[in-house]
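The values are calculated or read from the model by the stated rules, or taken from the named source; none is laboratory data. Treat the numbers as computed from the prediction; the structure is a model and nothing was measured. As a convention, Cβ positions derive from the backbone with ideal geometry for all residues, glycine included, and neighbour counts pool all protein chains shown.
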Amino acid sequence: MTVLGLETSCDETAASVVRLAADGSTEVLSSVIHSQIEDHAAYGGVVPEIAARSHVEMIEGVAARAMAEARIDYGDLDGVGATAGPGLVGGVMVGLGFGKAVALARGLPFVAVNHLEGHAVSARLGARVDYPFLLLLVSGGHCQLLEVRGIGDMSRLGTTIDDAAGEAFDKIAKAMGLGYPGGPALERLAATGDGPRFDLPRALLGRKDCDFSFSGLKTAASRIAQSLETDQDRADLADAVQSAIARQLSERTDRAMADYAERHEARTLVVAGGVAANRTVRRVLEEAAARRSFAFVAPPLVYCTDNAAMIALAGAERLRLGLISDIDAPARPRWPLDEARAIADPVHP
Ligand code: ATP
Ligand code: MG
Ligand code: FE
């Protein structure tokens, strides 16, 4: 199964060709990502109208490059998958419309892919990961724990009650004057920091559910950021923030692992999404998984943040199950992952 995937839901224009073999193994034949970071940096965040216009300019060239680098023809494809949501609707419509046009022109099946389902399968791009698994999805817009039984068959165990983890990284980094996107900048600064001198709040500690909260941390860290004097102060705060976020992620995930272990013999923890690129987060989660005797898998770094390989793979997995979308599948600005049902609830509303 060879699929062209397209991703335009935020500030990356991406296209990729992925091959999914019958035994479940995957091969990324190409993965092209054009990041718009420079277009948005001056504004401190993604400007939707600028993003949509840039996707319009870039999508055709990015897709052509992905096909050329994969060294295949359109006739070798088994289908086209494009992100249909959730995300900034102007951008989503660009990739979705382009994907439908390619599918129609080439007579290929089309799959409307949930962007979060892409993140959910992304670990399978780098390693063999069998279903079911416990997923910590930590991205710019989401922070959730999910039981993933298969493609389109997921249920949510917990979610954030305020900000997403990536949003917390970005907002705190902004308050510290680190620019956009904040997560990678904060991680670089934290490398030379010594966090324990700052006492940051520990949210939801000891609570029985698997929810997250980052707003208290954000407020406390932003206040401390006002009174920092030296570069060392700033590095120390960055380290404290990164540790606090990692610690909360691992504490809440520990609860979810305890719950999950009561229902499943095969125990695997997967972390995915942009924040999964953070090395401290990966290490702390790996240690937590080991304590509960869970196998631990994180995607290769390049497939943590937005990319189209994960969209192509989700599309291929759907195609393999016969889950083809209608050509009029709409763009969905909001689309909870546990509503991306394969069986009970079709891909479109
Ligand atoms: P969503 O997937 O929820 O729609 P998104 O697509 O914008 O949101 P991703 O591309 O998955 O999110 O991830 C981007 C987020 O990951 C940003 O908040 C960014 O700061 C964060 N991030 C990326 N790299 C790192 C890192 N090394 N450390 C911490 N955070 C990071
Ligand atoms: Mg992005
Ligand atoms: Fe994303």
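Counting only residues that are assigned to a helix (DSSP H, G or I) and exposed (fewer than 13 other Cβ atoms within 10 Å of the Cβ), region 61-83 holds 3 of them. Taken over region 114-142, the criterion of being within 12 Å of ligand 3 (Cβ to nearest atom), in contact with a Pro (Cβ under 7 Å, 6 or more places away or on another chain) and small (Gly, Ala, Ser) is satisfied by Ser122 alone.
Criterion first (touching a residue at least 24 places away in the same chain (Cβ under 8 Å), surrounded by fewer than 20 Cβ atoms within 10 Å (Cβ to Cβ), in a helix (DSSP H, G or I) and touching a Lys or Arg at 6+ places or on another chain (Cβ under 9 Å)) does Gly45 satisfy it? Answer is no for this residue. Within the span defined as region 102-113, one or more residues are surrounded by 18 or more Cβ atoms within 10 Å (Cβ to Cβ), within 16 Å of ligand 3 (Cβ to nearest atom) and closer than 29 Å to Met257 by Cα. Annotation: of all residues in region 152-175 being crowded, with 23+ Cβ neighbours inside 10 Å and of a type in the set (A, V, I, L, M, F, W, C), the one that is farthest from ligand 2 (Cβ to nearest atom) is Met154. The test for being within 16 Å of ligand 1 (Cβ to nearest atom) and either touching a residue at least 60 places away in the same chain (Cβ under 8 Å) or part of a strand (DSSP E or B) (or both) does not hold for His55. Among the residues of region 262-291, those that are within 16 Å of ligand 2 (Cβ to nearest atom) and assigned to a helix (DSSP H, G or I) comprise Gly274, Val275, Ala276, Ala277.
Candidates in region 303-337 are the residues that are within 12 Å of ligand 1 (Cβ to nearest atom) and among the hydroxyl-bearing types (Ser, Thr, Tyr); of these, the one that is nearest to Asp11 (Cα to Cα) is Thr305. Considering each residue of region 4-27, count those that are more than 18 Å from Gly274 (Cα to Cα) and in contact with a Lys or Arg (Cβ under 8 Å, 6 or more places away or on another chain), and give that number. Qualifying residue count, region 4-27: 5.
Kindly indicate whether Ser9 is over 21 Å from Glu69 (Cα atoms) and either modelled with pLDDT of 95 or more or in a strand (DSSP E or B) (or both). In short, yes. Looking only at residues of region 24-39 that are within 15 Å of ligand 3 (Cβ to nearest atom) and either touching a residue at least 40 places away in the same chain (Cβ under 8 Å) or not in a strand (DSSP E or B) (or both), we find that the one that is surrounded by the most Cβ atoms within 10 Å (Cβ to Cβ) is Ser31. Each residue in region 176-188 was checked for being crowded, with 21+ Cβ neighbours inside 10 Å and either under 20 Å from Arg223 (Cβ atoms) or away from ligand 2 (no atom under 16 Å from the Cβ) (or both), and 4 of them qualify.
Whether a residue is in a loop (DSSP other than H, G, I, E, B) and closer than 29 Å to Leu145 by Cα was assessed, and Leu237 does not pass this test.
Here the condition is being under 23 Å from the mean Cα position of the chain (by Cα), crowded, with 20+ Cβ neighbours inside 10 Å, in a helix (DSSP H, G or I) and not hydroxyl-bearing (Ser, Thr, Tyr); of Leu4, Leu96, it holds for Leu96 alone. Note on region 118-151: among residues that are among the charged types (D, E, K, R) and touching a Phe, Trp or Tyr at 6+ places or on another chain (Cβ under 9 Å), the one that is surrounded by the most Cβ atoms within 10 Å (Cβ to Cβ) is Glu147.
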